[in-house]
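To keep things clear, I will list the structure first and then write my remarks on it.
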Amino acid sequence: MTNTVQEAKRYLDNAREILREKARKEDGYYQDSKYVKMAGHTAYAGVLVALDGLLGKKNKGRKDVEWYKQQLAKLDKKLLNSFVGVYDTLHLSMSYDG
């Protein structure tokens, strides 16, 4: 689990670096949506790495957001709510919308 947490933190550090070095912040807003999208995707991937370490492997098929939600609902409602916020912010707003 320690390796998984370290790996997840590495993803988040990479996302911060992308924003800091490439997204050009002006007047409190990032100017380059390409790098905002890249940072959002990288950070979200880090969250999934951490959750995979916690939840383990899925028996059949590819994991999707609904699988994560179902697993977290069984485990911890507060963690589920945090994940939904992370999904909305990092994956939808940043990764897709930039």
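The values are calculated or read from the model by the stated rules, or taken from the named source; none is laboratory data. No experiment lies behind these values; they were computed from the predicted model shown. Cβ: placed from backbone, ideal geometry, glycine included. Neighbour counts: every protein chain shown. Note: accessible area is taken over every heavy atom of the protein model, side chains too, but ligands, DNA and RNA are not part of it. Shrake-Rupley method; radii C 1.70, N 1.55, O 1.52, S 1.80 Å.
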If the cut-off is 20 Å between C-alpha atoms, which aspartates and glutamates fall inside it for Lys25, apart from same-chain ones fewer than 8 positions away?
Asp13, Glu17, Asp97
12 Å beta-carbon shell around Ala15, net charge (K/R +1, D/E -1)
+3
FRET efficiency (Arg24, Lys78; Cβ distance; R0 30 Å; to 0.05) is 0.25
Relative contact order %, the chain, counting alpha carbon pairs below 8 Å whose residues are six or more apart:
34
Taking Cα atoms, how many degrees apart are the long axis of helix 2-22 and the longest axis of the chain, rounded to 10 and kept between 0 and 90?
20
For Lys78, the lysines lying under 27 Å Cα to Cα, once residues fewer than eight places off in the same chain are dropped, come out as Lys9, Lys37, Lys57, Lys58, Lys60, Lys63, Lys69
For the chain, give the percent of accessible area contributed by carbon and sulfur heavy atoms, probe 1.4 Å, rounded to a whole number.
49
